[in-house]
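*Asks:* Below you will find the structure I want to go over with you.
The values are calculated or read from the model by the stated rules, or taken from the named source; none is laboratory data. Since we're looking at a predicted model, the values are computed, not measured. Methodologically, a virtual Cβ is constructed for each residue, glycine included, from the backbone with ideal geometry; neighbour enumeration extends over all protein chains shown.
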Amino acid sequence: MAICQARAWLSRGLTTLSSHPSLRVCVVGSGPAGFYTAEKMIKAHEGAFVDIIDRLPTPFGLVRSGVAPDHPETKIVTNQFSRVAQHERCSFYGNVTLGSAVTLSELRELYDVVVLAYGAESDRALGIPGEDLSGIHSAREFVWWYNGHPDYRNLNPDLKSTDTAFILGQGNVALDVARILLRPTAELATTDIADHALTALEQSSIRKVFLIGRRGPVQAACTAKELREVLGIKNLHIHINQTDLEKNQEDEEELKNNRIRRRIYDLLSKEAASGPSVPTSGQHELHFIFFRKPERFLDSLDRIGHVTAVQFEKTVLKAVGPGKQIAVGTGQFEELESGLVLKSIGYKSVPVDGLPFDQQKGLVPNVGGRVLSDASRDPTMLQKGLYVCGWLKRGPTGIIATNLYCAEETVGSILEDLQQGAIGSTSSIVKKPGREGLLQLLSDRNIEFVPFSRWQKIDAEERSLGSLRNKPREKLTTWEDLMKVAKE
Amino acid sequence: MLFPRLSRIGIKIFRELYGGKFTVPLCRTGSALEHYSGCWRPQFELHPEAKTFQSVIFQKHHQLSTTAAVSDAADGKKEKETISVTFVDKDGDEKQIEVPVGMSMLEAAHQNDIELEGACEGSLACSTCHVIVMDMEYYNKLEDPTDEENDMLDLAFGLTETSRLGCQVIAQPELDGIRLALPVATRNFAVDGYVPKPH
Ligand SMILES: Cc1cc2nc3c(=O)[nH]c(=O)nc-3n(C[C@H](O)[C@H](O)[C@H](O)COP(=O)(O)OP(=O)(O)OC[C@H]3O[C@@H](n4cnc5c(N)ncnc54)[C@H](O)[C@@H]3O)c2cc1C
Ligand SMILES: NC(=O)c1ccc[n+]([C@@H]2O[C@H](COP(=O)([O-])OP(=O)(O)OC[C@H]3O[C@@H](n4cnc5c(N)ncnc54)[C@H](OP(=O)(O)O)[C@@H]3O)[C@@H](O)[C@H]2O)c1
């Protein structure tokens, strides 16, 4: 079994490879996958020098720009990542973009090992008419906006000209977004939510949020903690259609085999059974809508180019294999009105030049983290010294911890290849330049990289700005501000 | 903000801080001690100062409570203030340690260089300190996991019938002799339907 083998290599790594000459490793991306890879690599190989580059001046990937502002405990893992970054054999270089500041082939020239862990910075598309109307955003954009990602501080979603928001998809990201729209802003005010987002939410006229899934409550993709939280929002009326909770034979089977699904279903059933069925005045509303597949977005008549409604097709479930049911259309359609639509149907990775990429799945073809030369996955066609980890390797699913096991597997593959002589500088003549080479190249190109010590300046500034407002931090949300503070 | 982390400091230090007047209830997860241990805290409490404070304490008592345990052993006191806990790692190797009553298994593991992850440092926001209680008898001595712990266990890799989070299992006399296994890799990051074979 691949992972067991990986682990064997990991534990053996310490003893058998410690005398190995130095190994230059570059990790691209400083999210959980990047940091866990660096940590495991440093632990397993005493000669490993790991440089982590990131396109942002700030580290931690989605832990900073994805994890919801009202989930501070989840971000505690950055303490561990910071210790890794400050390890004597590890360096962080922010503001260095793979694909523009440095190319993949350059990195592969400079380093013995390159691990790509640059996540998924695009979106799955629905591919239906009207998808590019204004008022429609991907959840990724909306999340980056409220979390102060410098590329999306100007998104300015219009929260004022409609009282209804549709969220398409019922995964954890969808629930995060629903919670941010519905949670009392006084509660958000003490989080690290971006200032521009807090202001916009304070002025928001959104009162009704619809979480819309193409399948049923048994298949809802969220997890219990997130669901419990959104159900627990103060003064919120929750609507779930009782009839949607009816189960078929396959549903029962799915529930029997899946603890998460079972707990989600129970929470939804309990909620549906409790509470008044009509909202009291002034209450915000959250509607769970099941069995609806978006068909087209409708343009507004008085605000041309802006979404005004969505046409949905009703669906039923169809079994396509053991434990798997898909949504199929029934030919019945309905239109529901909303001036704000957030598509939360999954992220998608983007390729860089020279990287084998599976366009259909939106990830890098690999075996145990070893990059394959083509998507047809001939396991003998490996890209020497090139590895992948995290969302770029597995696709855009999994929690922070999933990346830990994912990194274990990738590092296991690296150690195995090293042991077998497939990578690494075997003779001193071909020693790779590593860090010195990268820094030379960045300096030749006038690229102002942000080392970890400079990120710490940003960090300190954000915390001190935050403390003035009773927030854990006030994020700097423009490139100018970030770079200015980093250089101070 | 002082209380939440006290369980992790270990009861010895707690006593030092409170002049030894505080008597530790012999309790299980979910009872009075957990109330103080505050592993499940309302959100928004984590202000930057508090956070820094916490991590300072965390590092300080890291050394402190180790010495406390050592001096205990030297004193050879009758009253059992530590219990014996055996961790079984992924390769099946065993390590037996002494854990002061009141300390969480996560904390104990970290003090003894046992490779138990703890991404959220015991704040019940991740599942990385997942341990498997090896004997049903001991598992039954533990209070049932709370909803919040179960929410996290949902996401633990290699979940079993006797899985718990290390941060929620607190040393207490009746747990003396407990054996905890670190989960073995039975994980599946199926990229395209690849399912690891059972080993
Ligand atoms: C909205 C949201 C909320 C989430 N909340 C939680 C949660 O509460 N708990 C939980 O456990 N999990 C949560 N997750 C899941 C978790 O964030 C992911 O599993 C994890 O971040 C994936 O790690 P990664 O390292 O593969 O990618 P990322 O975290 O996305 O890191 C990728 C990094 O690569 C950098 N990068 C991108 N392109 C380039 C380039 N060309 N050159 C250099 N660097 C580049 C990016 O700037 C980024 O820092 C959430 C995910 C989302 C989307
Ligand atoms: N607190 C946390 O732990 C936390 C918070 C946020 C994110 N995360 C993690 O991050 C990962 C990504 O989350 P995510 O919410 O983006 O993804 P996700 O969990 O995969 O959910 C995607 C949702 O979009 C739906 N969908 C996909 N394609 C669709 C289409 N064409 N039309 C209609 N609906 C479609 C899916 O429905 P189907 O099931 O029918 O495909 C599903 O409901 C997850 O693993 C999640 O657990 C964790």
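*Asks:* Filter region A:470-488 down to residues that are out of contact with any Lys or Arg (no Cβ under 8 Å at 6 or more places or on another chain) and without any contact (Cβ under 8 Å) to a residue 40 or more places away in the chain, then give me how many there are.
*Replies:* Residues that pass the stated criteria total 3.
*Asks:* Six or more apart or on different chains, Cβ atoms under 9 Å: show the pairs whose first residue is in region A:389-400 and farther than 7 Å from A:LEU363 by Cβ and whose second is within 8 Å of ligand 2 (Cβ to nearest atom) and of a type in the set (Lys, Arg).
*Replies:* A:PRO396/A:ARG124
*Asks:* Given the criterion of a type in the set (A, V, I, L, M) and under 19 Å from A:SER138 (Cα atoms), identify the matching residue among A:ALA224, A:ALA178, A:ALA186, A:ALA273.
*Replies:* Result of the check over A:ALA224, A:ALA178, A:ALA186, A:ALA273: A:ALA178.
*Asks:* Does at least one position in region A:247-270 carry a residue that is more than 14 Å from chain B (Cβ to nearest Cβ), over 19 Å from A:SER138 (Cβ atoms) and near ligand 2 (Cβ under 10 Å from one of its atoms)?
*Replies:* The answer is no, given that none of the residues of region A:247-270 is more than 14 Å from chain B (Cβ to nearest Cβ), over 19 Å from A:SER138 (Cβ atoms) and near ligand 2 (Cβ under 10 Å from one of its atoms).
*Asks:* From the list A:THR223, A:THR315, A:THR308, A:THR280, pick out the single residue that is among the hydroxyl-bearing types (Ser, Thr, Tyr) and within 16 Å of ligand 1 (Cβ to nearest atom).
*Replies:* Answer to the check: A:THR223.
*Asks:* On to the next question. Go through region A:469-483 and count every residue that is in a helix (DSSP H, G or I), of a type in the set (D, E, K, R) and surrounded by 14 or more Cβ atoms within 10 Å (Cβ to Cβ).
*Replies:* 1
*Asks:* Please go through region A:155-207 and give me each residue that is at negative phi and small (Gly, Ala, Ser), ordered by number.
*Replies:* Hits for region A:155-207 are A:SER161, A:ALA165, A:GLY171, A:ALA174, A:ALA178, A:ALA186, A:ALA189, A:ALA194, A:ALA197, A:ALA200, A:SER204, A:SER205.
*Asks:* Now for a different question. Among what's in region A:440-468 and is of a type in the set (Lys, Arg) and in contact (Cβ under 8 Å) with a residue 24 or more places away in the chain, pick the residue that is surrounded by the most Cβ atoms within 10 Å (Cβ to Cβ).
*Replies:* If we take residues in region A:440-468 being of a type in the set (Lys, Arg) and in contact (Cβ under 8 Å) with a residue 24 or more places away in the chain, then A:ARG454 is surrounded by the most Cβ atoms within 10 Å (Cβ to Cβ).
*Asks:* Next up: Can you list the helices (runs of 4 or more DSSP H) lying wholly within region A:30-100 that have 1 or more residues being surrounded by fewer than 24 Cβ atoms within 10 Å (Cβ to Cβ) and near ligand 1 (Cβ under 9 Å from one of its atoms)?
*Replies:* Answer list for region A:30-100: A:62-65.
*Asks:* Something else about it: Determine, yes or no, whether A:LEU188 is buried (at least 19 other Cβ atoms within 10 Å of the Cβ), touching a Pro at 6+ places or on another chain (Cβ under 9 Å) and farther than 24 Å from A:PHE312 by Cβ.
*Replies:* Here the answer is yes, as A:LEU188 does meet what is asked.
*Asks:* Here's something else I'd like to know. Among the residues of region A:275-301, write down those that are more than 28 Å from the chain's Cα centre (by Cα), outside any strand (DSSP E or B) and not small (Gly, Ala, Ser).
*Replies:* Matches in region A:275-301: A:PRO276, A:VAL278, A:PRO279, A:THR280, A:GLN283, A:LEU301.
*Asks:* Follow-up question, since we're still on this one. Can you name every residue in region B:133-189 that is within 12 Å of chain A (Cβ to nearest Cβ), touching a residue at least 60 places away in the same chain (Cβ under 8 Å) and of a type in the set (Gly, Ala, Ser)?
*Replies:* Passing the criteria: only B:ALA185.
*Asks:* List the helices (runs of 4 or more DSSP H) that sit entirely inside region B:35-149 and contain at least 2 residues that are surrounded by fewer than 18 Cβ atoms within 10 Å (Cβ to Cβ) and modelled with pLDDT under 95.
*Replies:* Result: B:48-75.
*Asks:* Among A:ALA197, A:ALA220, A:ALA186, which is the only one that is within 14 Å of chain B (Cβ to nearest Cβ) and within 25 Å of the chain's Cα centre (by Cα)?
*Replies:* Exactly one of A:ALA197, A:ALA220, A:ALA186 is within 14 Å of chain B (Cβ to nearest Cβ) and within 25 Å of the chain's Cα centre (by Cα), namely A:ALA220.
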